[in-house]
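Heads up, the thing below is written out as C-alpha cells.
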Amino acid sequence: MKKTLVFLLTVNLFAATALGYGPRGHGLVGAIADQRVAKNPTLQTKVSDLLDGLTLQRVATLPDEIKTWDRDPNGFHLWGHQGLEDELRAFVAANPNPTAAHPNPAGVPSHHYFHYTDVPIFGSDQYSLGGIGTSEFDIVQMIPFCIRVLKGDEPVSNERKITKSVALILLVHYLGDIHQPLHVGAEYFDAQGNAFEPTSSNPGFGDQGGGKLTLFTLINGTPRSAGKFHGYWDGQTVQNAFGTTADLKIAKRLANREPDNWQLSGPVNSWAEQLANEILPLAHEAHSRLEFSRIKIAPGSVPGKDDIKSGRASETKKVHGQFYADWAAATVKKEIHKGGWRLAALLEQIL
Ligand SMILES: [Zn+2]
C-alpha cells in the first residue's frame, strides 16, 4: 500500500480505512491475545498499566483511528485516557502524513508507511531490506523498533516519538497487519500493463497492495465485483471467516485452541522478517488465483514512483477445488488465530 491511498470502505456496521485488517480483524487479534495474556496475571498487569486500563482488543484499531487526525484534529478522541491521547498525538505530529502543500522534510516518514511493505510477489518471495517495495520505515522494520522501545534498547525520547505505551499500541496493530497477505506482498506491472517481476532498472508500477485493483469473484458462476482487492482482504474475508458469532466468543475459543505452526524461533527482533517471509507465499497465491485485466496507467506516470491507476483482478475458476472466497476466508481465519497467539507470546518475551 502506498502513502497516497486514503479511501474508505464500509464493511457491515464498520467504517474502516483500508490500511489494515478492518476493525473486526484487528480487534480479534487483540481479543485472542487478551485471553492468552489473562492466563499470566503479572503480564496482564504490565499490559494494563501501559494501556491505562484499556484492552489489547480496544487499542488494536487505534493506529488506524488516529489517521483521522490527518484531516481533523477533533475527528477522534480517546475519552478518559488523555495521557495516552497526548502520546499518540505527539507520535502523529512526529510522523505526519504529507500533503502536496506540506511535504515532509527528508528522512521524516508518515505514520501511514509503518503498516505495510510491498515486496513483489514474483521471484524468491523473500523480504530483504533495500529490495523493491521495502523501506526503513516499513512494517518489517517498525515492529522491531517498537520491540526495542519496550525492551529499553531504544530510548523513549526517540525521533519517532514512540513511547512504551505507543510502542505497545502499534505492535498490537502491526501484528494484525503483517498477518494480512496484501500488507506484505504486492503485484507490479510493466508499462504495457502486464504483471511482471520488477527490477531496480525497471521498477514498473505497483498496485498499492491491491488498493488500485477491483476484485471480481465468481457468484453462481458469474464474476461479480467484490470491491477493492485490498479492502476485500481487510474486511469481507474476516466477515466470511467469522460470520455473526460474537467476537468475545470467537476469541475465547481460539485462545484455548493452539493453532498449527504458530511458534517462531530465534530472537524476537527477527520475528517480523520471519512473519513477512511466512506470509509471502500466501500473498503470491492471493494473486496467482486471479487474472489481471484492464490495467490502466495514467499518461506521464513514472516507473518506480507512480502506481497503476486502476485494473481488474478476476477469479475465473475454482483452484484446488475451492472458490476464491472460501480459500481467502479459511486463510484469514488461520492468520488471525496465529496473530493473536503470536502477539501474546511476543508480549510475554518482551515485557
Ligand atoms: Zn494497519
Check: Roughly what % of DSSP beta bridges within the chain run antiparallel, to the nearest 5?
Finding: 70 percent
Next item on the list: Would you mind telling me which residue in 48, 270, 201 has the biggest mean-square fluctuation in a Gaussian network model of the chain, where springs connect alpha carbons within a distance under 10 angstrom?
Entry: 201
Margin query: Can you tell me the convex hull volume per residue for region 132-173, based on C-alpha atoms, in Å³ to the nearest whole number?
Written below: 64 Å³
Item checked: Expected 222 nm ellipticity per residue - DSSP helices of 4 or more, -39500 (n - 2.57), all of the chain, to 500 -> -12000 deg cm²/dmol
Check: Under 5 Å between amide H atoms, partner at least 5 residues away or on a different chain: which partners does residue 210 have, H built in plane at 1.01 Å?
Finding: 187
Item checked: Overall form of region 286-351 per C-alpha gyration tensor (a/c, 1.5; a/b vs b/c) -> oblate
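Could I get the Rg over Rh figure for region 70-152? Both from C-alpha atoms, Rh via Kirkwood, rounded to two places. Walk me through the numbers before you get to the answer.
Values: Rg = 15.7 Å, Rh = 15.0 Å.
On the Cα set of region 70-152, Rg over Rh gives 1.04.
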Next item on the list: Work out from phi, with θ = phi - 60° and the Karplus expression 6.51 cos²θ - 1.76 cosθ + 1.60, the ³J(HN,Hα) of each residue of region 282-288, listed in order in whole Hz, and give x for Gly and Pro.
Entry: 6, 4, 4, 5, 4, 8, 5
Next item on the list: Express in whole angstrom the spacing between the alpha-carbon centres of region 186-206 and region 216-244.
Entry: 26 Å
Item checked: Under 20 Å from residue 318, Cα to Cα: aspartates and glutamates that are on another chain or at least 8 residues apart -> 285, 291, 326
Item checked: Cα gyration tensor category, rounded, prolate or oblate, for region 218-331 with a/c compared to 1.5 -> oblate
Item checked: Equivalent ellipsoid semi-axes, the chain, via Cα gyration tensor eigenvalues times 5, rooted, Å -> 31, 24, 19
Note to self: On a 31 Å Cα-Cα criterion, which of the cross-link pairs 46/67; 151/252; 67/212; 228/249; 46/212; 164/228 come out too long?
What the structure shows: 46/212; 164/228
Note to self: Between 0 and 90 degrees, rounded to the nearest ten: what's the tilt of helix 324-350 against the longest Cα principal axis of the chain?
What the structure shows: 30 degrees
Notebook entry, point to check: Which net charge results for the neighbourhood of residue 282, defined as the other residues with beta-carbon distances under 13 angstrom from its beta-carbon, given Lys and Arg at +1 and Asp and Glu at -1?
Noted result: 0
Margin query: Relative contact order for the chain: what percent, with Cα pairs under 8 Å and sequence separation of 6 or more?
Written below: 23 percent
Notebook entry, point to check: With springs only between Cα atoms under 10 Å, which of 269, 40, 220 fluctuates most in a Gaussian network model of the chain?
Noted result: 220
Notebook entry, point to check: Between 169, 143, 297, which gets the highest mean-square fluctuation from a Gaussian network model of the chain, Cα cutoff 10 Å?
Noted result: 297
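So if we plug the beta-carbon distance of residue 298 and residue 99 into 1/(1 + (r/R0)^6) with R0 = 25 Å, what FRET efficiency do we get, rounded to 0.05? Don't jump to the answer; show the numbers that get you there.
On the way: r = 20 Å, r/R0 = 0.79.
The computed FRET efficiency comes out at 0.80.
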Next item on the list: Any chance you could check the Cα centroid distance between region 302-333 and region 44-101 for me, in angstrom?
Entry: 32 Å
Item checked: Cα coordinate range in region 196-246, projected on the principal axes (Å, largest first) -> 49, 29, 14
Next item on the list: Compute from the Cα atoms of region 235-300 the Rg and the Dmax, the latter being the longest Cα-Cα distance, and quote both in angstrom.
Entry: 17.9, 54
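Using Cα-Cα distances under 8 Å and only pairs 6 or more residues apart, what relative contact order does region 92-191 have, in percent? Each step should come with its number before you reach the end.
On the way: 115 pairs, mean separation 28.9, N = 100.
So the answer I get is 29 percent.
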Notebook entry, point to check: Does region 166-281 classify as rounded, prolate or oblate by the C-alpha gyration tensor (a ≥ b ≥ c root eigenvalues; a/c under 1.5 gives rounded; else a/b over b/c gives prolate, otherwise oblate)?
Noted result: oblate
Next item on the list: Using R₀ = 56 Å, calculate the FRET efficiency as 1/(1 + (r/R₀)^6) where r is the Cβ-Cβ separation of residue 291 and residue 82; round to 0.05.
Entry: 0.65
Check: Between the helical axis of 23-37 and the dominant principal axis of the chain, each derived from Cα atoms, what acute angle in degrees is found, rounded to the nearest 10?
Finding: 40 degrees
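Bear in mind that the values in this text are calculations on the coordinates, not laboratory data. Keep in mind it's a predicted model, so treat the numbers as computed, not measured. FYI the Cβ positions are ideal-geometry reconstructions off the backbone, even for glycines, and counts take in every protein chain you see.
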